[in-house]
Amino acid sequence: QVQLVESGGGLVQPGGSLRLSCAASGSIFSINALGWSRQAPGKEREFVAYITSGGTTNYADSLKGRFTISRDNAKNTAYLQMNSLKPEDTAVYYCNAYTPTGMVYWGKGTLVTVSS
C-alpha cells in the first residue's frame, strides 16, 4: 500500500502562485511515477501532470507553461508549482502514485481556490 498526503492548497488571487506538495509513504518501492489530478466543482476529474522516478514529465496540454511538476526522490515527495493562476484552476487537487502494474493510488486532495 502507498499513502499520499497533499498539502499547500488555499486561497489565492488570480495571477498568483501556489506550490502543492505530496508526501508518499508505505510501499515506495512500487511507485514508478507521481502525479497530480484535479476536480473542479461540477466537473469530472482531469489529469494535470506526472513525473517519473527518472525525471520524465508529462502535462495536460492546457496547463503547459503555467504548471511545473518536480520531485525529490530522497524525500519521496512531489511538487506542483502553479503560476498565473486563473479562477478556472479552482479545484481539489489530488496526488497520484503510479505503479508498473497499472495501479493508481490517490491522496485525499487539497483545495485550491482562485478568487479575488
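The values are calculated or read from the model by the stated rules, or taken from the named source; none is laboratory data. These numbers come from a predicted model, not from an experiment. When we count neighbours, we look across all protein chains shown, and the Cβ atoms used for this are built from the backbone with ideal geometry, even at glycine. With ligands, DNA and RNA removed, areas are computed over all heavy atoms of the protein, side chains included. Shrake-Rupley method; radii C 1.70, N 1.55, O 1.52, S 1.80 Å.
Listed values, structure above:
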read-out: Looking only at the range 2-23, and only at residues there that are crowded, with 18+ Cβ neighbours inside 10 Å and of a type in the set (A, V, I, L, M), the one that is farthest from Asn76 (Cα to Cα); value: Val12
read-out: Positions within the range 25-39 being open to solvent by 10 Å² or more (accessible area, probe 1.4 Å) and either over 16 Å from Gly102 (Cβ atoms) or touching a Pro at 6+ places or on another chain (Cβ under 7 Å) (or both), in sequence order; value: Ser25, Gly26, Ile28, Phe29, Asn32, Arg38, Gln39
read-out: Cross-chain or 6+ apart pairs with Cβ under 6 Å, the range 97-108 first and under 15 Å from Tyr79 (Cα atoms), then of a type in the set (D, E, K, R) and not in a loop (DSSP other than H, G, I, E, B); value: Gly107/Glu6
read-out: Residue within the range 46-54 that is in contact with a Ser or Thr (Cβ under 6 Å, 6 or more places away or on another chain) and either more than 16 Å from Gly9 (Cβ to Cβ) or surrounded by fewer than 15 Cβ atoms within 10 Å (Cβ to Cβ) (or both) present; value: yes
read-out: Conditions (1) within 17 Å of Leu4 (Cα to Cα); (2) open to solvent by less than 50 Å² (accessible area, probe 1.4 Å); (3) out of contact with any Asp or Glu (no Cβ under 8 Å at 6 or more places or on another chain): number failed by Gly109; value: (3)
read-out: Tally of residues being small (Gly, Ala, Ser), under 18 Å from Gly9 (Cβ atoms) and under 16 Å from the mean Cα position of the chain (by Cα) across the range 97-116; value: 2
read-out: Test: residue in the range 69-84 that is more than 18 Å from Trp106 (Cα to Cα), open to solvent by less than 20 Å² (accessible area, probe 1.4 Å) and at pLDDT 95 or above; value: yes
read-out: Extreme residue, nearest to Asn83 (Cα to Cα), among residues of the range 2-45 that are part of a loop (DSSP other than H, G, I, E, B) and free of Cβ contacts under 8 Å to residues at least 60 places away in the same chain; value: Ala40
read-out: Residue list for the range 58-88, restricted to those being in a helix (DSSP H, G or I) and touching a residue at least 40 places away in the same chain (Cβ under 8 Å); value: Lys75, Pro87, Glu88
read-out: Test for Gly102: is it over 15 Å from Leu20 (Cα atoms), open to solvent by 70 Å² or more (accessible area, probe 1.4 Å) and either in contact with a Phe, Trp or Tyr (Cβ under 6 Å, 6 or more places away or on another chain) or not in a helix (DSSP H, G or I) (or both); value: no
read-out: So Ala91, is it open to solvent by less than 70 Å² (accessible area, probe 1.4 Å), of a type in the set (Gly, Ala, Ser), without any contact (Cβ under 8 Å) to a residue 60 or more places away in the chain and in contact with a Pro (Cβ under 8 Å, 6 or more places away or on another chain); value: yes
